[in-house]
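Coordinate-derived values only; no laboratory data. Owing to the predicted nature of the structure, the values given are computational and were not obtained by experimental measurement. Note that we place each Cβ from the backbone using ideal geometry, even for glycine, and neighbour counts take in every protein chain shown.
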Amino acid sequence: MAVAKPSIELCKGSNGLEKVVLKEARGSSIEVYLYGAHVTSWKNDHGEELLFVSSKALFKPPKGIRGGIPICFPQVGGLANFEQHGFARTRVWTIDQNPPPLQESNSYRASVDLILRPSEGDFKFWPHSFEFRLRVALTPGGDIILVSRIRNTNKDGKPFTFTFAFHTYFSVSDICEVRVEGLETIDYFDNLKGKERCTEQADALTFESEVDKTYVSTPNKIAIIDHEKKRTYVMWKEGIPDAVVWNPWDKKAKAIAHFGDDEYKHMLCVEPAVIEDPLPLKPGEEWTGRLHISAVPSSYCSGQLDPKRVLYG
Ligand code: TA6
């Protein structure tokens, strides 16, 4: 339902978990849970859901929520003493009432700032102090903007390195009718072939089987075209060099927790990430990574809309 002016509301979501709901005047909205600073909904002016969240998603600590935009930090992937994709997505963040000013070229009226600092228990996993600030914003036109700021606050002078991802699950009508533009000719590690390094030969990514690829040093603009819905997601990223493209397909879908067997048909992960070169921070240093996604109508069929115009126009 459209609201007269933007609104920002803290309320209870699934299982009584707290969430912040951002609404814009024309009807678009975003929902972000304090648990994991996890965006679980991004709707356009018509109330259509643009992110995929599994019907089997558990909104219940200590597991992560399957879908939306999980925050992967301090590491992407799995290490022995670590939860898969790090612990940021399974911690309760707090609202940052007084965030440091953020240089922002975009204009928006509805936003919330969240912050995560490690607990005593986290030092077992990762012996470093940090402040992770996440801004979630909704523009008047219905775009979503996420800005991550990670600062090393170690008092012992120790630097640290981290890997990171906005593990974004896009909702698509039919994975077989989806193209991704902007990654052609880019090198990638094929996570299904022992991270073998390859170069993307196709002039656009299309999908007919499981894919799990980490594209490295990618362009900052990537387009995900949902042919059936005539919708293109245009992703701009800054300070985030890599991007993971993942769909589990049918066999892996059955093996994944909190994921419906057929749900792979209606989702695609395109995840802006810092993976190839873990990012070093000395005490006092801060990294900023920005992600801006818009969902635009696209009459892309048999080359009518040239997605390159979307990317480079
Ligand atoms: O980003 C792709 C990936 O690493 C896949 O290999 C798969 O593990 C996926 O993430 C899901 O991870 P999750 O921890 O959310 O189940």
In terms of modelled amide H atoms, which long-range or inter-chain residues lie less than 5 Å from the amide H of VAL92? GLY36
Correct semi-axes for the range 1-95, from √(5λ) of the alpha-carbon gyration tensor and rounded to whole Å with the largest first, are 27, 13, 11
Principal axes of the range 156-260: Cα extent on each, largest first, Å: 53, 31, 24
Phi-based couplings in Hz for the range 166-183 (Karplus 6.51, -1.76, 1.60; Gly and Pro marked x): 8, 7, 6, 9, 8, 7, 10, 6, 7, 3, 6, 10, 10, 10, 10, 10, x, 10
Reachable aspartates and glutamates from LYS158, criterion Cα separation under 20 angstrom, eight or more residues apart if same chain: GLU120, ASP122, GLU131, ASP277, GLU285, GLU286
Proximal aspartates and glutamates relative to LYS63, as straight alpha-carbon distance under 15 Å, when same-chain residues fewer than 8 apart are discounted: GLU83
Estimated dipole of the chain in Debye, rounded to 20 [Cβ of Lys and Arg +1, of Asp and Glu -1, Cα centre]: 840 debye
Could you give each residue of the range 203-216 its phi-based ³J(HN,Hα) in whole Hz, using Karplus coefficients 6.51, -1.76, 1.60 with θ = phi - 60°, and x for Gly or Pro? 8, 6, 7, 10, 10, 9, 6, 4, 9, 8, 10, 9, 7, 10
When the Debye formula is applied to the Cα atoms of the chain, each taken as the same point scatterer, what base-10 log of I(q)/I(0) results at q = 0.07, 0.09, 0.15, 0.16 Å⁻¹? -0.25, -0.43, -1.30, -1.50
Amide H to amide H, which residues 5 or more places from SER171 or on other chains are under 5 Å from it, using H placed in the peptide plane? LEU51, PHE52
Find, among the trypsin sites (Lys or Arg not before Pro) in the range 22-82, those assigned to loop by DSSP (not H, G, I, E, B) with at most 16 other beta-carbon atoms within 10 angstrom. ARG26, LYS56, LYS63
Holding the Cα-Cα limit at 24 Å, pick out from LYS230/LYS265; LYS56/LYS252; LYS56/LYS230; LYS19/LYS213; LYS221/LYS251; LYS193/LYS251 the pairs that are longer than that. LYS56/LYS230; LYS19/LYS213; LYS221/LYS251
Report the full-extension gain for the segment ARG109 to ALA4: residue separation times 0.36 nm, less the Cα-Cα distance, to one decimal in nm. 36.5 nm
In the range 248-290, which GluC sites (Glu not before Pro) are in a loop and have at most 16 other Cβ atoms within 10 Å, using DSSP for the loop call? GLU285
Give me Rg/Rg_expected for the range 117-199, where Rg uses Cα atoms only and Rg_expected = 2.2 N^0.38 Å with N residues. 1.57
For the range 16-166, shape from the Cα gyration tensor axes a ≥ b ≥ c, cut at a/c of 1.5 then a/b versus b/c, turns out oblate
Long-range amide H partners of PHE130 with built H, under 5 Å: THR153
Sparsely packed GluC sites (Glu not before Pro) within the range 121-210, loop by DSSP, other Cβ within 10 Å at most 13: GLU208
Estimated FRET transfer efficiency (LYS63, LYS195; beta-carbon r; R0 35 Å; 0.05): 0.85
